[in-house]
Amino acid sequence: MSRVFSWVMLGVSIVAMGAAMVLGTSAAVPYFGPTWPFLTFGGTPSSGTVTTLTWIAAVTAGAGVLAGLYALRGGVWVSPRRLLIAGAVVACVYAMLPPAGSVDMMNYAIYGRIADLGRDPYVTTPLRLAHTGDPVGLLMPSGWQRVPTVYGPIMTFIQWLAAHFGGNSMARIIFLLKWANAAAFVGTGVILHRMTGPDPVRRLRACLLWTANPLILFWMVGSGHADAFAVFFLVAALYAARRSAFAGGVLGGAAVAVKASFLFPAVGLVVAAWLSPARFRRAAASAVGLLLVAGGGYLLAGPAALNSLNARLGRKKDRYLPVPEYILTHHGLYTLWMGALAVALTAFLWWRSGLPFALWRRPSDETRRLPLDVLPVAVLAFGTTLVSPLQYPWYDAMLLPVLALLSYRRLDWMLILRGVMLGVFTLPGVRVNGYQHFYVRWANLVWLIVFIVVVWWGTRRTGAEPSAESPTLSSPSSVSPPSSSPAPA
């Protein structure tokens, strides 16, 4: 029964979200000029219609994924390969539909256009481009008119490439970007399929969390967020690091050069290399690769890139956690407060993960049972993302792949419910009611408290020692241990 329910809910979610995109300009789909080459009816559905469609899509997506994960208790109920292909097909369909859920893709097109015209997108704002009468700049959305790009040099290059071939049409630029997003999304799913090994249960779980998850499909392809590229490089880094720590560091640096928030899980790659038998050589190789790409990229972009990023992090309007007013009025105290929360949560997760002392001692028989190549990345990703002052449902794209590579299934339902919650509060996306920001702060705080309790409860008896009966953040019961022999750097 749960299998049939999962199929129905996943199908309803995909169709409902597709309908919201294809109907035309609305509270979910921004106006971006002539729509060719996108497939659209060109209508103007009401705000109530698209809000209903997107909320139905969010709720049924969560229900479908949870039902599918529950059905896994009885074994594999569908071929992981077929589900992977199905997700890839939906990604291609979504790539042909207009962007929805936010105006971010319009900003990407404008920053790419600025770069293609020979200007610096880290200095030139969309408003300045619009003042030149440029047809792409004139379509700038509100809210980001005076904000230069906050994305890394690799993302800026991708945007420039799309703008170079898209010309003076925002629709063509976005169309090319969406297909690039689809390629990155499917590529991530393929790598996860390979990394989860021959076990069909693990492969199917990875598909449900990523490739066949309608919500993440929508945010990565339908809405076209830059996180799709950063996640692709991060997952590729985890895959490459199993053979070469340097290659893993290079790809991790590429993720940071797409979006700076991926610095923390990228540092986890260096920590994972340190936890391997050849810790000094592999950690050094990983760090060099990371600094070479991330550091070198931002160095080439110039100090304006860091200044723009700092201004974005200091923006307090769209915070998703409640913060005392006194702290909000003092920028330095605000930064310290958020940093302290990230350190505290990361330390807590590291403690409960089963590796409280692994940084300072050589790998023992117990620690070798854990997935040392993924666990540090997961701890740093969760520890920093969940308390970040900026949180949107597409930010969870960083968390789902690393969770899919671990076996701590008690967090599956937590992340799916969080995705539904943030999705309902964010959608339809282009027009957002002011009350949503108020409620989501407290809802997110409650979720975070429950998350901490779940992690604590799941490890309360065994503490730092992993076991199959009472799993830690990454129970080794279904995870293949890394090789104990030194791997090439």
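General remarks:
- Three-way shape call for the chain based on the alpha-carbon gyration tensor, with the a/c threshold at 1.5: prolate
- Each label was represented as a point 7 Å from its Cα along the Cα-to-Cβ direction; for residue 306 and residue 279 these points are 3.0 nm apart.
- Relative contact order of segment 171-232, pairs being alpha-carbon contacts under 8 Å that are 6 or more residues apart, as %: 44
- Cβ-Cβ distance of residue 291 and residue 8, R₀ of 41 Å, FRET efficiency by 1/(1 + (r/R0)^6): the value works out to about 0.25.
- Contact order for the chain, expressed relative to its length and based on alpha carbon pairs under 8 Å spaced 6+ residues apart, stands at 17 percent.
- Using a Förster distance of 30 Å, the FRET efficiency for residue 1-residue 457 (Cβ separation, nearest 0.05): 0.55
- Between segment 1-51 and segment 162-192, the alpha-carbon center distance in angstrom: 19
- In the chain, the longest principal axis of the Cα atoms and the axis of helix 331-352 are about 40 degrees apart.
- Surface share of carbon and sulfur [accessible, 1.4 angstrom probe, percent] for segment 221-279: 78
- Overall, the anisotropy analysis places segment 41-91 in the oblate class: the square-rooted eigenvalues a ≥ b ≥ c of its C-alpha gyration tensor yield a/c not less than 1.5, with a/b not exceeding b/c.
- Selection from 442, 304, 20 lying farthest towards where the dipole of the chain points positive, charges on Cβ: 442
- In degrees, nearest ten, helix 279-290 long axis to first principal axis of the chain (Cα): 0
- Mean residue ellipticity at 222 nm, helices only, the chain: -19000 deg cm²/dmol; runs of at least 4 DSSP H residues each add -39,500 (n - 2.57), and the sum is divided by the number of residues.
- Based on protein heavy atoms only, the chain ends up with 39 Å² per residue of surface accessible to a 1.4 Å probe.
- Using alpha-carbon coordinates, inclination of helix 375-385 to the longest axis of the chain, degrees: 40
The values are calculated or read from the model by the stated rules, or taken from the named source; none is laboratory data. All values reported here derive from a predicted model rather than from experimental measurement. We place every Cβ from the backbone using ideal geometry, glycine too, and count neighbours over all the protein chains shown. What goes into the accessible areas is simple: the full protein's heavy atoms, side chains included, and nothing from ligands, DNA or RNA. Shrake-Rupley method; radii C 1.70, N 1.55, O 1.52, S 1.80 Å.
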